[in-house]
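*Asks:* What follows is a single structure, and I will ask about it in a moment.
Every number here is computed from the coordinates shown, using simple stated rules; none is lab data. Because the structure is predicted, anything quoted here is derived from the model rather than measured. Note that each Cβ is placed from the backbone with ideal geometry, even for glycine, and that neighbours are counted across all protein chains shown.
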Amino acid sequence: MNELDSKTILITGAGAGIGKAFAEGFLAEGASVVAADIRADRLEPLSAAGAITAVVDVADDAQVRSMMDLAMTETGRVDVLFNNAGYGSKTAVEDLTDGEFERLVAVHLFGCIYGMRAAIPIMRAQNHGRIINVVSRAAESPGPNNSAYGAAKAAMFTASRSAAAEVADSDILVNMLFPGMTNTSIWGVDMPGMQDPEEVYPTARMLATLPSGGATGKCFYRGEEYEMFGDNAELMAADRAEIKARLNAKGLG
């Protein structure tokens, strides 16, 4: 039996990009997938493929709780939660419109907190659970026009580590996944030199299936621990070289 056959995997932001790649990957391996997204049209192909779908704004706590209730009603379990929902923003601080910063933080950070708060009691009752929060190198980057996105991801990093410590007395592991530079729609442009969303799935699967006593409170990139706020200059240089090679291979370098 595949180790995912009896598992319920709940994924937010599942309608496109990395979240969709996760949903399709876990469905292909026989897991029960609850796919949540704010856009109903994006969920239709996943529903046709066998996913349980829910239209959810993760910045709304009541909707997140209803999503968790749906998973329990339909499958009786929540084994793995991916807090993945989010979107990009490239607005300078002085140009932020009223509510722009707050909305992005609500989707990324509050959505993550609401998801963990709803899932942890269920996972405690099961005595098993894996929570994976999708973060970003933007958390540690001082780049311009990145205050909202970077701040939200940095806060998710801290919240994840705190939650991991809080559930250390149980078989609940809370980790973070740094996808790396991925060609998704969140920035509104095609980025052909970056990896495809499907290339992130192996790390997602690894974290979803960690054994009891496995890593917790850690961040992972391509199957290896990533030291957020550490000296990652060598890794960043390797990533830039990889992007250049991909572009050259496509005749775009």
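*Asks:* Any idea what the alpha-carbon Rg over 2.2 N^0.38 Å comes to for the stretch 164-253?
*Replies:* The stretch 164-253 yields a ratio of 1.30.
*Asks:* If each residue of separation counts as 0.36 nm, what is the full-extension length gain between residue 2 and residue 162 once their alpha-carbon separation is subtracted?
*Replies:* 54.4 nm
*Asks:* Next up: Counting only helical runs of four or more DSSP H residues, what would the 222 nm mean residue ellipticity of the chain come to if each run contributes -39,500 (n - 2.57) and the total is spread over all its residues?
*Replies:* It comes out at -13000 deg cm²/dmol, rounded to the nearest 500.
*Asks:* How many percent of the alpha carbon pairs in the chain exceed a separation of 33 Å?
*Replies:* 15
*Asks:* Among 99, 213, 223, which one shows the highest mean-square fluctuation when the chain is modelled as a Gaussian network with alpha-carbon springs under 10 Å?
*Replies:* 99
*Asks:* Next question, about the same structure. Quantify how much of the Cα-Cα distance distribution of the stretch 49-143 extends past 18 Å, in percent.
*Replies:* 53
*Asks:* Starting with the fewest neighbours, write out 216, 158, 209, 53 ranked by other beta-carbon atoms found within 10 Å of each beta-carbon.
*Replies:* 158, 209, 216, 53
*Asks:* On to the next question. Hey, if you put +1 on the Cβ of every Lys and Arg and -1 on every Asp and Glu Cβ in the chain, which of 68, 19, 145 ends up farthest toward the positive end of that dipole?
*Replies:* In the chain, that residue is 19.
*Asks:* Taking loop as defined by DSSP and a crowding limit of 10 other beta carbons within 10 Å, which trypsin sites (Lys or Arg not before Pro) in the stretch 164-250 fit?
*Replies:* 250
*Asks:* Can you tell me how much longer the chain between residue 97 and residue 252 gets when fully stretched, taken as 0.36 nm per residue apart minus their C-alpha distance, in nm with one decimal?
*Replies:* Gain in length upon complete extension: 52.2 nm.
*Asks:* Still on this structure, please answer the following. Taking 32 Å as the cut-off for C-alpha to C-alpha distance, list the pairs among 20/90; 7/244; 90/250 that go past it.
*Replies:* Listed pairs above 32 Å: 7/244.
*Asks:* Moving on to the next point. Could you pull out the trypsin sites (Lys or Arg not before Pro) across the stretch 1-110 that fall in loop regions by DSSP (anything but H, G, I, E, B) with no more than 11 other Cβ atoms inside 10 Å?
*Replies:* The qualifying sites are 39.
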